[in-house]
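The values are calculated or read from the model by the stated rules, or taken from the named source; none is laboratory data. If you're wondering where the values come from, they're calculated on a predicted model, not measured in any experiment. Note that each Cβ is placed from the backbone with ideal geometry, even for glycine, and that neighbours are counted across all protein chains shown. Quick note on the areas: whole protein, heavy atoms, side chains included, nothing else; ligands and nucleic acids left out. Shrake-Rupley method; radii C 1.70, N 1.55, O 1.52, S 1.80 Å.
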Amino acid sequence: MFDTHIHTTFSTDSKMKLEEAISAAKERDLSLIITEHMDINHPEEGQFVFDTDEYFSSYGEYRNSDLLLGIELGLTDAYSEANGRIANENKFDYVLGSLHFLGNYDIYFPEVYVGRSKEDVYIQYLQDVYKNIVANQYIDSLGHIDYICRYSPYEDKELYYSEYSDLIDEILLALVKYDIAMEVNARRLSDKKALENLLVIYKRFYELGGRYVTIGSDSHYPQAIGMNFGNAKLICQETSLKPVYFKERTMIIDNLEV
Ligand SMILES: [Zn+2]
Ligand SMILES: [Zn+2]
């Protein structure tokens, strides 16, 4: 089974060496897709971008059927053409598309939330996710739909399907329409409330015609590899969504038993 979302030293925010990731994965009987951060809109020069040639030349010798080389592209609609070129002009196995920014700010920054209600921010977030799927139809999977719940300052950070059903449906239907998988990002799945609410969204994805998910830990250090995969598998079982991974940009059904 693959962990399809891993950051090593080519990502600005990870110090994990590729060798450390590989040995942690072996201990857990997992295969890996490396997905380094590329947010070309990042306001700080040289942050969250990497040299793709250097990536392929230094990791190329490790590449095999259990170690695939992908990218996590930070999406912003103004950069969709440039992002599309990065995705398609390099020999990535997998392109994960993720929304990390709201306007000019990383969702991680407190500035995003100053003086704004949860509803206001979450509506803008979901509208932006939708816009970016339409603008970046080449992506293989949509990363962490619950990204905003990691960092928003509200007492109840959860994204409830019932509160934003129209906007969430729009996102899920766009994924179905453009044949894009949806990531089950395992980061928050140890939280019972997060698991319950995400399950509602994944069930709805299946109802609207979605069939495929990628499972990823979003690890930035070795101990996190494969974290919460029991609950990620539970989501697959409860929804009938099939876990997949991508090799040479082609979708392959994953086997959860190995
Ligand atoms: Zn991300
Ligand atoms: Zn990531």
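Some observations on this one:
- Filtered chymotrypsin sites (Phe, Trp or Tyr not before Pro), the stretch 155-258: DSSP coil and at most 16 other beta carbons within 10 Å: Tyr160, Tyr178
- Other residues lying with their Cβ under 12 Å from the Cβ of Phe10 contribute a combined charge of -4, Lys and Arg counting +1, Asp and Glu -1.
- Across the stretch 215-225, computed HN-Hα scalar couplings (Karplus, 6.51 cos²θ - 1.76 cosθ + 1.60, θ = phi - 60°) run 10, x, 8, 6, 6, 10, 8, x, 5, 7, 4 Hz from first to last residue, x flagging Gly and Pro.
- Its alpha carbons considered, the stretch 2-253 gives a radius of gyration followed by a Dmax of 16.9, 50 Å.
- Extension gain, Ser162 back to Arg211 (0.36 nm per residue minus Cα-Cα distance, nm): 15.5 nm
- Max mean-square fluctuation residue, GNM over the chain, Cα-Cα springs under 10 Å, options Glu163, Glu111, Glu44: Glu44
- Across the accessible surface of the chain, with the other protein chains kept in place and a 1.4 Å probe, carbon and sulfur atoms take up 47 percent.
- For the stretch 40-111, applying the loop criterion from DSSP together with a ceiling of 16 other beta carbons within 10 Å to the chymotrypsin sites (Phe, Trp or Tyr not before Pro) yields Phe50, Tyr108.
- Interchain or long-range residues, amide H under 5 Å from Ser31's placed H: Phe2, Asp3
- Ignoring lysines fewer than eight residues from Lys193 along the same chain, the ones with Cα atoms less than 28 angstrom from its Cα are Lys118, Lys131, Lys157, Lys203, Lys233, Lys242.
- Solvent-accessible surface of the stretch 2-253, averaged per residue with a 1.4 angstrom probe and all protein chains in place: 44 square angstrom.
- If you take all other residues with their beta carbon under 10 Å from the beta carbon of His37, and give Lys and Arg +1 and Asp and Glu -1, the sum is -4.
- Around Glu158: net Lys/Arg minus Asp/Glu count, Cβ-Cβ under 15 Å: 0
- Over the stretch 46-142, equivalent-ellipsoid semi-axes from the Cα gyration tensor in Å: 30, 14, 12
- Rounded to the nearest Hz, the phi-derived 3J(HN,Hα) couplings of the stretch 161-167 under the Karplus curve 6.51 cos²θ - 1.76 cosθ + 1.60 (θ = phi - 60°) are 3, 4, 7, 10, 4, 5, 5, where x marks glycine and proline.
- HN-Hα J in Hz across the stretch 77-87 - Karplus 6.51, -1.76, 1.60, θ = phi - 60°, x for Gly and Pro: 4, 5, 10, 5, 5, 5, 5, x, 5, 4, 5
- Summarising the amide proton neighbourhood of Val244: residues at separation of 5 or more, or on other chains, whose placed amide H is nearer than 5 Å comprise Val213, Thr214, Ile215, Asp254.
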